[in-house]
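Since the structure comes first, as C-alpha cells, the remarks are kept for the end.
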Amino acid sequence: MENWKKTVTTFMISQTVSLLGSMLIMYTILWYVTLSTQSGIMMTIMVLCNFVPALLVAPFAGVWADRLNRKKLMITADLLIAAITLLIAILFVFNIRNLWILFAGTVIRSVGQSVHQPAVSAVYPQIVPQDKLIKVQGISQGIQSASMIIMPLLAGLLLATTPIEYIFMIDVVTAIAAVIILVYHVKLPKHKAEENNEAINYFDDIKKGIKYAFNHPLIFKILLFGFIFMILVAAPSFLTYLQVARVFGPEAWRLSALETAFGIGMLVGSIIITVWGGFKNRLVTYFLSYIAIGFGTIGLGLPYNFFIYIGVWLIVGLFISIGNPVFVGLIQEKVEPEYIGRVFSVFGLINTISLPLGMLVFGPISDFVDISLIILLSGVGMVIVAIIPMFNKKLLAEGIKIEVPKELQES
C-alpha cells in the first residue's frame, strides 16, 4: 500500500463525479413528482420503484462484488444508469412526459445503483490500511455531505429555470466522466476470488453470505436494529417533502433549503468524525448518534416555523454523518474480506425491505392523517429502538477499537 493515498484520492474523485450527477437527478425526479402531484400515493410508488428492484438485485450484487472485478462492475453500473437517463431525456425532448416514464427509469437506475454500491464499499478495505478506514469513510461522507449542500440548490435552480430533459443530460456527462477516470487513472489490486478465478455458484454464494451475516455476533444484531429503525426512518425520509409542501408551501426553494441545511449538517458531522474518530467504543458513538436522530425527528414533527424546521434537519444530518462512517468502518474492519461485498449487500437488502415496508404504511395514510403527527410518532419510536441496545453490554463489547501497533500503522 505504498501509494494508497494517491489511489484512494483518485478513486474518490471518480466516485464524486458519478455521485454529483446521480444526486442531481435523484432530487430532480423526486421533486418533480412531489410538486406536480403532492400525493402520498405517488410518493409511495416512487419509493417502491427505487427499492423493489434493489431487493431483487442486491443478493446477486453482493456476490458479484466478492467474486468479480469491482472496477468493471462500477463501470457497467454507471453506463447502465447513463443509458436509461439519456433515453428519458430523449422522450422528454419529444414531449413524452408521462410520470410512468420516470417511474420505469427509476427502476433501472435502482438496478444500477444496487450493483454499484456493494462494489464501492468492498473496494475501500482493498486500498486503505485498516486503522485508517473510519477516517477515510469520514472523508467520503464529507464529500457526499458537501454534494448535498450544492446539489439541492442546483436542482431547485435548474428545475425552476431549465427544461428537465437538459438536467437529465448532466447525469449522462458525469457518468461518462466517472467511467473515464476509473478506466485510465484508477488501478485496483485484485482480490482473492478474482485472482483465483473462482467459479460463481450464485445461490450457494448468496446462502453463504446470508448465513455468515446472520451467524456473526455483531452483524446480526446490527441487522435487526437497522431493520426496525429503517422502517421508522421511512416517515421522515420520504414524507418531509410532502410535509414542507403542505405546511409551508409548494415552492422548490423550500425543498432546496431543506436539503441544503441537511447537507451542511452532514458536512459538519463528517468533519467532526474525521478529526475526532468517535468514542473508543464505536457502537456507543453509533447508537448515541441514532438516539439524537430520533430526537431530531420528533422536532420535525413540530413544524411551527420553517427556519427552525430546517435547523432541526441540519442537526439530524450532523448525527447521521457521525454515525454512518463509524458503522461502515466497523463493518469493514470486522468482516472477513471474502464476505465484505455480500455483507454490505445484506445491509442494502435490509434497507430495501424496511424502507418500502415503512412507506407502504406511512405513504397511503399520509393522505388521511396529519403528516407531522406521523413523523413525530416515528421519532419517538426511533429513540426507544436506539436506546435499547445501549443496555446490551455483550453487544457494546464488540465496538471496542482494535489498537494497531505504531510500527504497523501507515502514514
task = Looking only at the range 4-13, decide whether some residue is part of a helix (DSSP H, G or I), among the β-branched types (Val, Ile, Thr) and buried (at least 20 other Cβ atoms within 10 Å of the Cβ).
result = yes
ask   = What's the number of the condition Val312 fails, among (1) of a type outside the set (D, E, K, R); (2) farther than 30 Å from Arg246 by Cα; (3) free of Cβ contacts under 8 Å to residues at least 24 places away in the same chain?
value = (2)
ask   = Is it the case that the range 56-68 has a residue that's within 27 Å of Val369 (Cα to Cα), of a type in the set (Gly, Ala, Ser) and touching a residue at least 40 places away in the same chain (Cβ under 8 Å)?
value = no
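Yes or no, residue by residue, for (1) charged (D, E, K, R); (2) over 16 Å from the mean Cα position of the chain (by Cα); (3) at pLDDT below 85; (4) assigned to a helix (DSSP H, G or I):
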| site | (1), (2), (3), (4) |
| --- | --- |
| Gly112 | no, no, no, yes |
| Asp131 | yes, yes, yes, yes |
| Ile149 | no, no, yes, yes |
| Leu154 | no, yes, yes, yes |
| Leu159 | no, yes, yes, yes |
Yes/no for Ala122 being touching a residue at least 60 places away in the same chain (Cβ under 8 Å), in contact with a helix residue (DSSP H, G or I) (Cβ under 7 Å, 6 or more places away or on another chain), within 21 Å of Ile322 (Cα to Cα) and crowded, with 23+ Cβ neighbours inside 10 Å = yes
ask   = If only one of Phe168, Phe248 is surrounded by fewer than 20 Cβ atoms within 10 Å (Cβ to Cβ) and either in contact with a helix residue (DSSP H, G or I) (Cβ under 6 Å, 6 or more places away or on another chain) or closer than 23 Å to Ile264 by Cβ (or both), which one is it?
value = Phe248
inquiry  = I need every pair where a residue in the range 355-370 that is under 17 Å from Gly381 (Cα atoms) has its Cβ under 7 Å from the Cβ of a residue that is of a type in the set (Phe, Trp, Tyr), sequence separation at least 6 or different chains.
reply    = Leu355/Phe51; Met359/Phe238
request  = Have a look at Ile90, Ile45 and point out the one that is at negative phi, in contact with a Leu (Cβ under 9 Å, 6 or more places away or on another chain) and surrounded by fewer than 22 Cβ atoms within 10 Å (Cβ to Cβ).
outcome  = Ile45
task = Those residues that are outside any helix (DSSP H, G or I) and among the aliphatic types (A, V, I, L, M), I need them from the range 366-391; list them, please.
result = Val369
query = Does the range 192-226 hold any residues that are within 22 Å of Phe327 (Cβ to Cβ) and either crowded, with 16+ Cβ neighbours inside 10 Å or at pLDDT below 75 (or both), and which are they?
reply = Gly209, Ile210, Tyr212, Ala213, His216, Leu218, Ile219, Lys221, Ile222, Leu223, Phe225, Gly226
ask   = Which of the residues belonging to the range 362-384 are β-branched (Val, Ile, Thr) and either surrounded by 22 or more Cβ atoms within 10 Å (Cβ to Cβ) or over 14 Å from Ile228 (Cα atoms) (or both)?
value = Ile365, Val369, Ile371, Ile374, Ile375
task = Take Ile293 and decide whether it is surrounded by fewer than 21 Cβ atoms within 10 Å (Cβ to Cβ) and part of a helix (DSSP H, G or I).
result = no
Residue ID - farthest from Gly379 (Cα to Cα), chosen from residues in the range 270-281 that are assigned to a helix (DSSP H, G or I) and over 20 Å from the mean Cα position of the chain (by Cα) = Val275
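The values are calculated or read from the model by the stated rules, or taken from the named source; none is laboratory data. Computed from a predicted structure; not experimentally measured. Cβ coordinates were reconstructed from backbone atoms using ideal geometry, including for glycine residues, and neighbour counts include every protein chain displayed.
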